[in-house]
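First the structure, in the form of structure tokens, and then the observations on it.
The values are calculated or read from the model by the stated rules, or taken from the named source; none is laboratory data. Remember, predicted model here, so these are calculated numbers, not experimental data. Counting neighbours? That spans all protein chains shown, and the Cβs are built from the backbone with ideal geometry, glycine included.
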Amino acid sequence: MKEILYSKRLAPYIFILPFLVTLAVFWVVPLGRSFVMSTQEVLYGQATFIGADNYERLLRDQIFWQAMFNSLRYMVLTIVLLVPIPLVLAAVVSSKIGSPRVKAFFKASLFVPALTSVVVAGIVFRLIFAESDSAMMNQIAEFFGLGPVRWLRADISGLVALLSLALWRWTGVNMMYFIAGMQSIPTEYYEAASMDGAGRVRQFLHITVPNLKPTIVYVVTISIYGGLAMFLESFMLYAGNNSPNNQGLTVVGYLYRKGIEENDLGFASAVGVVLLTIVMAINLTYLVATGTFKKEES
Amino acid sequence: MVAQQPVTQDGPPQQAGPAEGDRRPRRAVSGDGPRFSHTAGAWIQTGFLVVIAVIALVPLVAIFVGTFQDGNDVIRRGMSFDVDLGGLSLVNYAMLFTDSGPYFRWFGNSLVLTVVQVVLTLLVSSFVAYGFAMYDFRGKSLWFVMVLLVMTVPFEMLMLPLYVQVNDMGLADTYTVIVLPFLAQAVTIFFFRQYFLGIPKDLLEAGRVDGVTEYGIFFRIVLPISKPAMAAMAILNGMICWNNFLWPLLVLRSPEKFTLPIGLNTLLTPYGNNYELLIIGAFFSLIPILVLFLAFQRYFIEGMTAGAVKG
């Protein structure tokens, strides 16, 4: 027995066994059950098969579509903000001019927000975007001649608060990805372009960006997942899962409301299945469109 | 014998972290354009970077200042650029250390849970990673694709079925269930695998010739030379555990088991009467991580950008 267990043939399976068990017990079984539950009405532990009823209910559910809209909007806007801004900052930091000490300070300052928990970040941003005219954001608004804004009461201003939070927490991390990517671009490319008379901006657009494509694809991919799965940022900013007219409700927030708060497990499972399908579909489309799979095959 | 291997340096070369770039000698100012434009450019760049860095630090400074202010006032008026210097006091600090109710219990719970989870996650995940890195076996690429898949699916999509599952297993409201599903952690497995791939196979053969078992090679030869990877992953996982919120929020019921983020969240109710504790408590929850960051910045960045080190 011991000999078999210690043999070189069995050893790799013993090594990866913890992963296989985790995968089976905590991923495959729950997700499978989730799929089954989405075709059931689950009440007090009693499950009745109801076919596609949950999905039909879902399609007619306006709040679900609102949540979906909110999640998609958040995802698109975080990509629009959290790819170009960190990219430009990374290029500025990676340029050869400037003091290394200032750059180190800059990188550390932008990275530190990613270390804060969503709870602490949410508390702070809630207070920065408070309604009173002495709150920071209202002082800034006043500087630009705008009256005190009740940030979290209206849709767009609430979205601004949410995006600010995301920008604050993730700019530094994305920037680090890009800096790491830029270090692998050969300096000869820049020297050649420089001799051809290309300025900094053109070098950035024609050398840096194309050569960073794998990193950009990676960052966009995690942003798609992260954006569509966003829940806690909104949960903390609005101090709970309820916001005025559900303006801060995301798909995961809706899943949480239905599944955890209202214990409607069948319906919530349907929300989960739809969300997972959409996320997978968007990401697969994106990865095929950017040619990521082709590269792996060759 | 082991210590002389090149691997014992700061990790395999393909994982050179961003911090490496800082140490590269700066190129002399020359090349395109006259000298003064570089100096001017450098000044503009410095100004730009400093302004953005300061903006990024505002929220942290604001909460630090908030620890000296009246909590109810901060909650009512929000965090402001106008700071009444005369109104600052150490009252909240005195309260924190004498009369903060369950705060240090939450703190202790978080600390114990984080240490246990990090140690176990590193052991289990590196164990799994070793299997993927060092052996050829049937189904290897399929299982590794599963690692990548698990790595990309956000936990939010799994939370409900997992919640139902652990309730049925009778594990709700235990620390076991907070730790157990995440011991074989995909990002950590991925990172260790990359690291192990850089270790020369001769080393393993030498161990085998000496009669060391396959597991002995892992525990006695490979683990001791993997300290840099351990450090980066300890920090990444430590941060994830310390800040872990959603999963504990779902499974923990008993107040005496609350972790720091869960406890702080309970203070954030509209009917709260403990806002002093909310602000100073939130600030103190940052301190362990900030201290670690200042000491091990390089490992933080390496760990947190681990996912991008695609092979």
The residue that is modelled with the highest pLDDT, considering only those in the range B:276-306 that are surrounded by fewer than 20 Cβ atoms within 10 Å (Cβ to Cβ) and not hydrophobic (A, V, I, L, M, F, W, C), is B:P288
| message | So for the range A:244-251 (the condition being in a helix (DSSP H, G or I) and within 11 Å of chain B (Cβ to nearest Cβ)), does at least one residue qualify? | response | yes
With criteria (1) over 23 Å from B:V251 (Cα atoms); (2) surrounded by fewer than 20 Cβ atoms within 10 Å (Cβ to Cβ), A:V219 comes up short on (2)
Residue hits (the range A:150-173; within 14 Å of chain B (Cβ to nearest Cβ) and under 21 Å from A:G226 (Cα atoms)) are A:A161, A:S164, A:L165, A:A166, A:L167, A:W168, A:R169, A:W170, A:T171, A:G172, A:V173
Pairing a residue in the range A:166-190 that is closer than 30 Å to B:V58 by Cβ with any residue that is of a type in the set (D, E) and buried (at least 21 other Cβ atoms within 10 Å of the Cβ), where Cβ atoms lie under 9 Å and the two sit 6 or more apart in sequence or on different chains, gives A:A166/A:E233; A:R169/A:E233
Among B:V65, B:V112, the single one that is under 21 Å from A:A130 (Cβ atoms), of a type in the set (A, V, I, L, M, F, W, C) and free of Cβ contacts under 8 Å to residues at least 40 places away in the same chain is B:V65
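Go through the range A:101-111 and report how many residues are surrounded by fewer than 23 Cβ atoms within 10 Å (Cβ to Cβ) and either within 23 Å of the chain's Cα centre (by Cα) or at pLDDT below 90 (or both).
Residues of the range A:101-111 surrounded by fewer than 23 Cβ atoms within 10 Å (Cβ to Cβ): A:101-105, A:108-109, A:111.
Narrowing further to those that are either within 23 Å of the chain's Cα centre (by Cα) or at pLDDT below 90 (or both): A:108-109, A:111.
Total meeting the criteria: 3.
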Exactly one of B:F132, B:F107, B:F127, B:F137 is more than 9 Å from every other protein chain (Cβ to nearest Cβ) and of a type in the set (F, W, Y), and that one is B:F107
Item to check | Condition met for A:M182 (farther than 30 Å from B:F81 by Cβ and in contact with an Asp or Glu (Cβ under 9 Å, 6 or more places away or on another chain)) | outcome: no
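One line per residue, one yes/no per condition, for (1) over 30 Å from A:V173 (Cα atoms); (2) touching an Asp or Glu at 6+ places or on another chain (Cβ under 6 Å); (3) more than 9 Å from every other protein chain (Cβ to nearest Cβ):
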site	(1), (2), (3)
B:D202	yes, no, yes
B:T213	yes, no, no
B:I217	yes, no, yes
B:N274	yes, no, yes
B:F283	no, no, no
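For the range B:35-52: of the residues being among the aliphatic types (A, V, I, L, M) and surrounded by fewer than 18 Cβ atoms within 10 Å (Cβ to Cβ), which is nearest to the other protein chains (Cβ to nearest Cβ)? Full working, then the answer.
Filtering the range B:35-52 down to residues among the aliphatic types (A, V, I, L, M) leaves B:40, B:42, B:44, B:49-52.
Pick out the ones that are also surrounded by fewer than 18 Cβ atoms within 10 Å (Cβ to Cβ) and you get B:40, B:42, B:44, B:50-52.
Values: B:A40: 10, B:A42: 5, B:I44: 9, B:V50: 7, B:V51: 10, B:I52: 7 Å.
Per the criteria, the residue is B:A42.
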Within the range A:108-125, of all residues that are in contact (Cβ under 8 Å) with a residue 60 or more places away in the chain and in contact with a Phe, Trp or Tyr (Cβ under 8 Å, 6 or more places away or on another chain), the one nearest to the other protein chains (Cβ to nearest Cβ) is A:V119
Taking the conditions exactly as written (in the same structural domain as B:L286 (by TED's automatic domain parsing) and either surrounded by 14 or more Cβ atoms within 10 Å (Cβ to Cβ) or without any contact (Cβ under 8 Å) to a residue 12 or more places away in the chain (or both)), does B:L85 satisfy them or not?
no
Of the residues in the range A:242-256, those that are surrounded by fewer than 24 Cβ atoms within 10 Å (Cβ to Cβ) and in contact (Cβ under 8 Å) with a residue 24 or more places away in the chain come to A:S243, A:P244, A:N245, A:N246, A:Q247
Can you find a residue that is surrounded by fewer than 16 Cβ atoms within 10 Å (Cβ to Cβ) and under 25 Å from A:V36 (Cβ atoms) anywhere in the range B:131-147? yes
Within the range B:54-70, does at least one residue satisfy the condition of being surrounded by fewer than 21 Cβ atoms within 10 Å (Cβ to Cβ), more than 30 Å from B:N274 (Cβ to Cβ) and at pLDDT 90 or above? yes
Of all helices (runs of 4 or more DSSP H) fully inside the range B:140-193, the set with 3 or more residues that are over 18 Å from the mean Cα position of the chain (by Cα) and touching a residue at least 24 places away in the same chain (Cβ under 8 Å) is B:140-152, B:159-168
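Take A:L87 and decide whether it is in a helix (DSSP H, G or I), more than 10 Å from chain B (Cβ to nearest Cβ) and closer than 24 Å to A:V201 by Cα.
Yes; evaluated as a whole, the condition is true for this residue.
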Counting only residues in the range B:156-183 that are more than 8 Å from chain A (Cβ to nearest Cβ) and charged (D, E, K, R), the one nearest to A:P30 (Cα to Cα) is identified as B:D168
Among the residues in the range A:132-151, are any among the basic types (K, R) and in a helix (DSSP H, G or I)? no
ask   = Restricting attention to the range A:7-20, does a residue exist that is under 32 Å from the mean Cα position of the chain (by Cα), aliphatic (A, V, I, L, M) and within 23 Å of B:D168 (Cβ to Cβ)?
value = yes
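Please indicate, with yes or no, whether at least one residue in the range B:77-91 is part of a helix (DSSP H, G or I), of a type in the set (D, E, K, R) and under 30 Å from A:V149 (Cβ atoms). Working first, answer last.
So in the range B:77-91, the residues part of a helix (DSSP H, G or I) come out as B:77, B:85-87, B:91.
So of that shortlist, the ones also of a type in the set (D, E, K, R) come out as B:77.
Then drop every residue that is not under 30 Å from A:V149 (Cβ atoms), which leaves B:77.
Yes, the conditions are met somewhere in the range B:77-91.
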Of (1) closer than 22 Å to A:Y177 by Cβ; (2) at the interface with chain B (Cβ under 10 Å from one of its Cβ atoms); (3) surrounded by fewer than 18 Cβ atoms within 10 Å (Cβ to Cβ), A:A239 satisfies every one except (1)
Looking across the range B:243-267 at residues that are farther than 15 Å from B:T114 by Cα and surrounded by 19 or more Cβ atoms within 10 Å (Cβ to Cβ), the single one that is farthest from the chain's Cα centre (by Cα) is B:L267
Per the list (1) under 30 Å from A:W151 (Cα atoms); (2) touching a residue at least 12 places away in the same chain (Cβ under 8 Å); (3) touching a Leu at 6+ places or on another chain (Cβ under 7 Å), residue check on A:I260 breaks on (2)
